[in-house]
Amino acid sequence: MTLLAHRTRPLWIAALVHRLSGLALAVFLPFHFLALGLAISGEAQLESFLRWSEQPLVKMSEAVLLGVLAIHMLGGLRLLALENLAWREGQARLALLAVVAAMAVAFAFLASVF
Amino acid sequence: MAGMLTVSLWRGGTEGRYVDYDVPMRETQTVLDIVTWVQRNCDATLSYRFACRVGMCGSCAMTVNGRPRWTCRTHVSKVVSRGRLTIGPLENLPVIKDLAADMRPFFEKWQQAKGRFAPSKTRSDPIERIAPDSAARVAADAAIECINCGVCYSACDTVRWNGDYLGPAALNRAWTLLNDVRDAGNVERLAAVATDGGCHACHSHQSCQEHCPLALNPTASIAGLKRRTAQAYLRGEIKP
Ligand code: HEM
Ligand code: SF4
Ligand code: SF4
Ligand code: FES
């Protein structure tokens with residue numbers, strides 16, 4: 001069977017990215033709350049957690065997570081606008097713009113922590 | 001005339017396989033011409049469907065090199081890839097035989113979406129005048145030219161993953177009637193398209209729009225249904 005051609009279209013890929021980023025967020029959210037939990041449960045624990053989060057690898061993954069959140073949020077806002085406002089052409093370009101903006105956010109974060 | 005083309009056609013029902021045929025290449029030739037050539041010259045038992053050959057009837061849609069298309073209006077030169085064409089029945093529908101998909105689920109969903117006009121007047125009433133530039137008529141006109149070909153239905157992955165999903169064409173049809181001021185069935189229609197497999201199942205991929213041969217935009221029609229069903233729900237006109 002040949003590859004179904006609609007699965008190579010930019011907006012189909014945008015939907016795939018949206019789903020994967022949503023799932024990734026759902027998986028990582030508990031860890032985020034764990035960190036917050038540690039922060040309020042005691043200073044010593046928070047100290048050691050913060051030291052742990054100083055590691056480059058941890059900073060990198062934080063940047064990735066932030067990028068994933070940004071792409072999911074911007075992509076989600078694009079869909080909400082498409083469904084609730086007057087129709088607007090050029091959705092593929094908007095989706096691309098969302099990816100670029102999300103990467104910019106992630107890189108800006110990286111630049112600020114290193 | 002420029003040599004031969006290798007054409008793989010789906011043979012059999014759901015269980016089947018692609019069979020290769022060599023078909024002479026012509027200067028201008030549609031994908032439907034190719035299928036017809038095979039049936040006339042290679043195997044008369046090849047099953048497929050067409051009627052008008054001019055893009056009016058919507059019966060000739062097939063999957064051509066992985067993409068659903070109206071074959072009577074698709075030129076071979078535009079879609080041939082490395083001297084090959086692979087032609088199968090439409091996706092997301094049962095296969096009857098060879099290139100003929102069973103369209104019944106597709107049309108049953110038009111009925112489920114209340115895609116039938118519900119008259120508000122009788123024949124003795126005067127004919128209703130409708131301003132062509134009224135907002136409702138403009139919205140209906142933008143979506144009305146559907147030829148029921150099933151191309152969008154075949155390109156929609158939500159149809160593929162959710163057997164209850166009414167699909168782009170039926171919902172697009174419901175949208176045109178919702179914007180027809182003569183129609184009296186809109187409360188039932190809104191309720192019908194707000195159910196589980198209705199407009200809210202659509203993920204706005206726009207695959208339907210990208211593939212529709214008439215360049216219609218079912219995604220926009222469905223977005224309209226999403227808004228109108230939400231409003232009707234908030235006003236208490238339809239129940240969850
Ligand atoms: C930051 C603001 C957010 C916005 C604007 C947003 C927006 C959206 C929208 C509009 C959808 C529906 C997409 C569709 O119809 O296909 C969606 C789906 C989803 N979201 Fe979010 N979301 C946000 C945050 C999150 C977070 C924090 C999580 C993680 C828990 C998340 C997880 C998901 C998942 C798993 C889906 C389902 C994806 C799918 O069915 O394809 N979202 N989001
Ligand atoms: S926009 Fe909606 S109807 Fe169109 S392909 Fe996507 S899910 Fe299907
Ligand atoms: S909306 Fe377009 S693709 Fe879908 S059935 Fe109608 S004409 Fe065919
Ligand atoms: S044969 Fe009628 S649309 Fe192609």
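The values are calculated or read from the model by the stated rules, or taken from the named source; none is laboratory data. No experiment lies behind these values; they were computed from the predicted model shown. Note: ideal-geometry Cβ built from the backbone for every residue, glycine included; neighbour counts use all protein chains shown. Only protein heavy atoms, including side chains, enter the accessible area calculation; ligands, DNA and RNA are left aside. Shrake-Rupley method; radii C 1.70, N 1.55, O 1.52, S 1.80 Å.
Per-structure values
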quantity	calculated
Lone qualifier among B:23, B:38, B:31, B:54 - being at pLDDT 95 or above, within 16 Å of ligand 4 (Cβ to nearest atom) and closer than 15 Å to residue B:8 by Cα	B:31
Residue check for residue B:73: more than 14 Å from every other protein chain (Cβ to nearest Cβ), near ligand 4 (Cβ under 9 Å from one of its atoms) and under 20 Å from residue B:91 (Cβ atoms)	yes
Among residues of segment B:96-108, those that are surrounded by fewer than 20 Cβ atoms within 10 Å (Cβ to Cβ) and either within 14 Å of another protein chain (Cβ to nearest Cβ) or part of a helix (DSSP H, G or I) (or both), counted	4
Pairs where the first residue, in segment A:75-93, is closer than 15 Å to residue A:21 by Cβ and the second is within 16 Å of ligand 3 (Cβ to nearest atom) and small (Gly, Ala, Ser), C-beta under 8 Å, 6+ apart	A:79/B:204
Any chance residue A:82 is crowded, with 18+ Cβ neighbours inside 10 Å and under 18 Å from the mean Cα position of the chain (by Cα)	no
Test: residue in segment B:140-149 that is outside the structural domain of residue B:19 (by TED's automatic domain parsing), in contact with an Asp or Glu (Cβ under 7 Å, 6 or more places away or on another chain) and surrounded by fewer than 23 Cβ atoms within 10 Å (Cβ to Cβ)	yes
Search result, residues across segment B:151-192 that are surrounded by 21 or more Cβ atoms within 10 Å (Cβ to Cβ), within 13 Å of chain A (Cβ to nearest Cβ) and either more than 16 Å from ligand 3 (Cβ to nearest atom) or more than 20 Å from residue B:230 (Cβ to Cβ) (or both)	B:151, B:152, B:153, B:154, B:155, B:156, B:159
Qualifying residues in segment B:193-239 (those that are more than 30 Å from residue B:71 (Cβ to Cβ), over 17 Å from the mean Cα position of the chain (by Cα) and in a loop (DSSP other than H, G, I, E, B)) - the one nearest to the other protein chains (Cβ to nearest Cβ)	B:194
Inter-residue pairs, beta-carbon under 7 Å, first under 13 Å from residue B:170 (Cα atoms) and more than 9 Å from ligand 3 (Cβ to nearest atom) and in segment B:204-227, second open to solvent by 20 Å² or more (accessible area, probe 1.4 Å) and part of a helix (DSSP H, G or I), 6+ apart	B:219/B:209; B:225/B:175
Top-ranked residue of segment B:51-76 - restricted to ones that are away from ligand 2 (no atom under 16 Å from the Cβ) and under 13 Å from residue B:101 (Cβ atoms), ranked as most open to solvent (accessible area, probe 1.4 Å)	B:59
